[in-house]
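The values are calculated or read from the model by the stated rules, or taken from the named source; none is laboratory data. Keep in mind the model is a prediction, meaning the values are calculated, not measured. Reconstructed Cβ throughout: ideal geometry from the backbone, glycine too, with neighbour counts over all protein chains shown. Remember, those area values only see protein heavy atoms, side chains included, never the ligands or the DNA or RNA. Shrake-Rupley method; radii C 1.70, N 1.55, O 1.52, S 1.80 Å.
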Amino acid sequence: IGSRTRVLVVCGEKVLVVRSWHGSGKWSLPGGGLHRGEDPKVGAVRELREETGLVVEPAELKHLISGTQNTRGLKYDYDCFSVVIDKEQPLRPQMFEVAEAAWKSVSELNVDNAGNDTMLYLSTWQRKS
């Protein structure tokens, strides 16, 4: 079982989403696999910076939800964190990591254009905030 992280970055009514080169082409949250022995918050911050250029501190992340997911026969544990920032930062997506990064309003995201896990993280955040 591997471990993965996701980060829900919230700015006003918008959230930061990315689209990967492979997969469904739907929006997802920045994140990825942890290095062996890496603290989940440290890994989440690293992945966020690698995928979008956005820099936050591990201490700024709030734990949102954890679980185990089974995708195409691959089983992994995940931690999703949230962080609220006061102004939209310019994004510098790493093109070898993601095809696109964007600020989208929460109302624009739905099951047709965002992954199921992304919708789960958003609804969990909306319930908790």
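Across the options VAL56, LEU16, PRO40, the greatest Cα extent toward the positive end of the charge dipole of segment 1-123 (unit charges at beta carbon of Lys, Arg, Asp, Glu) belongs to PRO40. Keeping the other protein chains in place, figure out the carbon and sulfur percent of the accessible area of segment 1-118, with a 1.4 Å probe. So the carbon and sulfur contribution to the accessible surface is 49 percent. A run of the chain free of exposed loop cleavage sites, with chymotrypsin sites (Phe, Trp or Tyr not before Pro) counted only in DSSP states other than H, G, I, E and B and at most 11 other beta carbons within 10 Å, reaches its longest extent at 22-95. How far is the Cα center of segment 1-73 from the Cα center of segment 96-129, in Å? That distance is 12 Å.
Would you mind getting the accessible area per residue of the chain, heavy atoms of the protein chains only, 1.4 Å probe, in Å²? Ligands and nucleic acids excluded, the figure is 56 Å² per residue. Each residue of segment 88-99 is assigned a 3J(HN,Hα), and the resulting list reads 4, 8, x, 9, 10, x, 7, 5, 7, 8, 9, 7 Hz, derived from the Karplus form 6.51 cos²θ - 1.76 cosθ + 1.60 (θ = phi - 60°), x at Gly and Pro. Across the protein chains, with a 1.4 Å probe defining accessible surface, the residues MET119, MET95 rank MET95, MET119 from largest area downward.
Largest accessible area first, the listed residues GLU50, GLU108, GLU57 line up as GLU57, GLU108, GLU50 when surface is computed with a 1.4 Å probe on the assembled protein chains. Residues SER129, SER82, SER20, sorted by accessible area with the largest first, give SER129, SER20, SER82 [1.4 Å probe; ligands and nucleic acids excluded]. Estimated from helices alone, the mean residue ellipticity of the chain at 222 nm is -6500 deg cm²/dmol (sum of -39500 (n - 2.57) over DSSP H runs with n ≥ 4, per residue). Along the chain, the exposed loop sites are trypsin sites (Lys or Arg not before Pro) outside DSSP states H, G, I, E and B with at most 10 other Cβ atoms within 10 Å, and the longest stretch free of them is 88-129. Under 5 Å between amide hydrogens, built in the peptide plane, is the criterion, and for VAL10 it picks out VAL83, VAL84, ILE85 among residues at least 5 positions away or on other chains.
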